[in-house]
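The values are calculated or read from the model by the stated rules, or taken from the named source; none is laboratory data. In this text, all values refer to a predicted model and were calculated from it rather than measured experimentally. No Cβ is skipped: glycine too gets one built from the backbone with ideal geometry, and neighbour counts run over all protein chains shown.
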Amino acid sequence: MATAPSLQAAANTGVDHAGSESRVDRDSHFNGLFETKQNLWIEGIAEGEIQCEGMVTVAEGARVKAKVTAKAVTIAGVLEGDVICRDVFQIMPSGQVDATVSARRLIVQEGGFYNGEFHMITGNSTDSIAGLSGFDAPGAARQAADSKPAAGGEPAAGGDLLSNDEWWAKLSGTPDATEEPETKTDKKAST
């Protein structure tokens, strides 16, 4: 069980906090578009779309069914939907996620549950995540979802996302399933 102090400590890693944070408390149910420049702490139920310039934390017992865009996301409760995370997407031991996630890093702690697709955001320049910053998220979400390798295994336009096959090929050093196998031709000297 993730306690509030341990969850807060996890939430503090690598994210600048504003002076205060937005909250959906345990007795609240939000349905619609939620936009904030601060961090967002969810203890109740949130549905719809969440656009957060800081960190989104879904506390244990909370339920979120939404399209989420944030700098970082920590899940100790339940999350369903689509997520674009410019930094770390973290699932705590009590967390349950059923979502398509695009993030720079994925951390699933022992006991955490993840079901869905993961797209790793690569590249170090700010240009590579320019479409993911601020409240420009709807177009970026489409770009993340539509980014498939083009012919020859190269990423499509805006190709800072790797497909699962591309990620595995890089990690394992094996050819990508989307690449055409190389054909060997014997060249004989002509006389």
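Close contacts from segment 12-33, counting a first residue that is surrounded by 10 or more Cβ atoms within 10 Å (Cβ to Cβ) and a second that is acidic (Asp, Glu) and at pLDDT 75 or above, with Cβ to Cβ under 6 Å and a gap of 6+ residues or different chains, come to ASP25/GLU43; ARG26/GLU43; ASN31/GLU47; LEU33/GLU49.
Residue by residue, here is whether (1) part of a strand (DSSP E or B); (2) at pLDDT below 95; (3) touching a Cys at 6+ places or on another chain (Cβ under 6 Å) holds:
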residue	(1), (2), (3)
VAL15	no, yes, no
SER22	yes, yes, no
TRP41	yes, no, no
VAL97	yes, no, no
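The set of residues in segment 24-39 that are more than 21 Å from VAL88 (Cα to Cα) and either in contact with a helix residue (DSSP H, G or I) (Cβ under 7 Å, 6 or more places away or on another chain) or assigned to a strand (DSSP E or B) (or both) comprises VAL24, HIS29, PHE30, ASN31, GLY32, LEU33. Set side by side, the residues VAL88, VAL83, VAL64, VAL101 differ, and just one is closer than 16 Å to GLY44 by Cα and in a strand (DSSP E or B), which is VAL64. Hey, could you check segment 64-79 for residues that are over 14 Å from PHE34 (Cβ atoms) and touching an Asp or Glu at 6+ places or on another chain (Cβ under 6 Å) and say which is surrounded by the most Cβ atoms within 10 Å (Cβ to Cβ)? This residue is ALA76. Of the set (1) out of contact with any helix residue (DSSP H, G or I) (no Cβ under 9 Å at 6 or more places or on another chain); (2) surrounded by fewer than 19 Cβ atoms within 10 Å (Cβ to Cβ), all apply to GLU60 but (1). Would you mention how many residues in segment 104-117 are under 23 Å from ALA46 (Cα atoms) and surrounded by fewer than 18 Cβ atoms within 10 Å (Cβ to Cβ)? Here the count works out to 8.
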